[in-house]
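Engineer: Dropping a structure here in C-alpha cells format, bear with me for questions.
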Amino acid sequence: MGKRKSLIKVKPKKYNTGDVVKVNFMVMHPMETGSRKDKKSGKIVPAHYINEVKFLFNDKPITTMQTWESLSTNPVFTIYFKVPGKGELKVIYSDNQGEVNEKSKKIKPKS
Amino acid sequence: MERRLFIKGLGIIAATSVVVPSIAMAAEKTASATKMGIDKALSEITGGKSISVSSKVHLKAPEIAENGAVVPVTIEVDSPMSETDYVKAIHVFATKNGNVRCADVMLTPANGKAFFSTRVKLGVSQDVMALVETSKGEFLSASQNVKVTIGGCG
C-alpha cells in the first residue's frame, strides 16, 4: 500500500477564531468504476474507489462522507468549517480495497 | 402462387421474431437500470417521505460538460446552521449513471455553512440531483440537466 498524495487547503490563509473558512481536500486516487476495460489486455479493471472520507477537528467529527465510484479521478472535496480555536484538522479516508490514509493540517487562528 | 405465400409468411415470422423482443428488451433495460435506480435510491434515504423541490437548495453544475470524466458540482443550502436548525445531510446523485449515488455528506453545526463541492463522472447527458435532509426531518431537492459531449465512464 503506497502512500497517496493528498492536500488540504484552507482559504483564506489568514483567519480568526469564529471565522467560517473554506476547506479544500484533494487526493490522488484512480477511482476505478469496475466497468472499464484495460485497452492492452482487454481485462476488466477491478473497482477501486474511495468510499469514506472523515473530517475531524481535534478528533471530533465535523463532516463524514460516504462516496461511490461516480466521483471523478483525483477527487476534490470542499466544505466550510467554523474555526473554534487552535487545533488540528485531520482527514481520514479509506477505499473499497481496504486502504486507509490520513492527512492533517494545523489550524492557527490569528486571534 | 403457393411458393410466394410461403416466402411471404417466412418473412413476416422472421421480422416479428427479431423486432418484438428487441423492443421489449430495450424498454425493460431503460426502466430498470435508470428510472428504478434513482427512485429506489431516493426511497431508501427518505423512507417514503415526500420530497419537495426547494429554492433554498442551490445546485451549480455546467449546462454543457465537454468532458464527462470531470464535472464540477457545487451545492449550497440556505440554512442558519445553528444547533437547532441545520442541514443534516446532502446527497448527490447522477440519475443515469450505473450507480446513481455519488456522495452522502453528513454535516454538523460545526460546519458553519451548508456547502459541499466535488467533481463527478457522468456517463451520458443526464440530471444531476441534490437531496438535502434538514434537522427538522424535511427533504428538499434541486436538480439540473447536464449535457455531456464525451462520456466519462468506460
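Engineer: Can you name every residue in the range B:86-140 that is of a type in the set (S, T, N, Q), assigned to a strand (DSSP E or B) and more than 7 Å from chain A (Cβ to nearest Cβ)?
Structural biologist: Listed by number, the residues that qualify are B:Q126, B:T134.
Engineer: Restricting to the range B:74-85, what's the tally of residues that are within 20 Å of B:Q126 (Cα to Cα) and either assigned to a loop (DSSP other than H, G, I, E, B) or among the hydrophobic types (A, V, I, L, M, F, W, C) (or both)? Don't jump to the end; show me each part of the working.
Structural biologist: At the first step, the residues of the range B:74-85 found to be within 20 Å of B:Q126 (Cα to Cα) are B:74-75.
Add one more test, that the residue is either assigned to a loop (DSSP other than H, G, I, E, B) or among the hydrophobic types (A, V, I, L, M, F, W, C) (or both), and what stays is B:75.
Total satisfying the criteria: 1.
Engineer: A further question on this structure: Do you know which residues across the range B:116-154 are acidic (D, E) and touching a residue at least 60 places away in the same chain (Cβ under 8 Å)?
Structural biologist: Residues satisfying the conditions are B:E133, B:E138.
Engineer: Here's a check for you: in the range A:30-42, which residue that is on the phi > 0 side of the Ramachandran plot and more than 14 Å from the chain's Cα centre (by Cα) is farthest from the other protein chains (Cβ to nearest Cβ)? Don't jump to the end; show me each part of the working.
Structural biologist: As a first pass, look at the range A:30-42 and keep what is on the phi > 0 side of the Ramachandran plot: A:31, A:34, A:42.
Then drop every residue that is not more than 14 Å from the chain's Cα centre (by Cα), which leaves A:34, A:42.
On the way: A:G34: 9, A:G42: 13 Å.
Taking the candidates together, the pick is A:G42.
Residue-wise test of (1) buried (at least 20 other Cβ atoms within 10 Å of the Cβ); (2) not acidic (D, E).
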position	(1), (2)
B:E63	no, no
B:V70	no, yes
B:T74	no, yes
B:V77	yes, yes
B:E83	no, no
B:K88	no, yes
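Engineer: Confirm whether B:G98 is modelled with pLDDT under 90 and touching an Asp or Glu at 6+ places or on another chain (Cβ under 9 Å).
Structural biologist: Yes; evaluated as a whole, the condition is true for this residue.
The values are calculated or read from the model by the stated rules, or taken from the named source; none is laboratory data. Please read all numbers here as calculations on a predicted model, not as lab measurements. Cβ atoms come from the backbone with ideal geometry, glycine included; neighbour counts cover every protein chain shown.
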